[in-house]
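J.: Before I ask anything, let me first share the structure, which is written out below as structure tokens.
The values are calculated or read from the model by the stated rules, or taken from the named source; none is laboratory data. What you see is a predicted model; the values in this text were computed from it and never measured. We place every Cβ from the backbone using ideal geometry, glycine too, and count neighbours over all the protein chains shown. These area figures cover heavy atoms from the full protein model, side chains too; ligands, DNA and RNA do not enter into them. Shrake-Rupley method; radii C 1.70, N 1.55, O 1.52, S 1.80 Å.
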Amino acid sequence: MAKCDICGKSVTFGIRVSHSHRRTNRAWKPNVMRVKAVVNGSPKRIYACTRCLRSGKVTRAI
């Protein structure tokens, strides 16, 4: 499960192109971490991308 519970960032699909220009499918996965955060005043385990963690959108629970 590669989806951020805060911003909704998820897997993006595209095409890998080799040197000989053969095209195959590929996926870009977001850097998602399972963290203990404060949600509605109580600590809860959520999946959050590192962008949300770094920007301060997630309040970490101790």
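J.: Identify, please: which residue in the stretch 1-23 is open to solvent by less than 80 Å² (accessible area, probe 1.4 Å) and among the polar types (S, T, N, Q) and is, among those, nearest to ALA61 (Cα to Cα)?
T.: Per the criteria, the residue is SER10.
J.: Output the qualifying pairs, or none if there are none: Cβ atoms under 6 angstrom, residues six or more apart or on different chains, first residue in the stretch 1-14 and closer than 14 Å to ARG34 by Cα, second residue open to solvent by 50 Å² or more (accessible area, probe 1.4 Å) and of a type in the set (Lys, Arg).
T.: That search, which allows pairs on different chains as well, returns ALA2/LYS29; ILE6/LYS57.
J.: Given ARG26, ARG34, which one is charged (D, E, K, R) and open to solvent by less than 80 Å² (accessible area, probe 1.4 Å)?
T.: Values: ARG34 fails: open to solvent by less than 80 Å² (accessible area, probe 1.4 Å).
Testing whether each residue is charged (D, E, K, R) and open to solvent by less than 80 Å² (accessible area, probe 1.4 Å) leaves just ARG26.
J.: Filter the stretch 26-44 down to residues that are under 15 Å from ALA2 (Cα atoms) and without any contact (Cβ under 8 Å) to a residue 24 or more places away in the chain, then give me how many there are.
T.: Going through the stretch 26-44 one residue at a time, the tally reaches 6.
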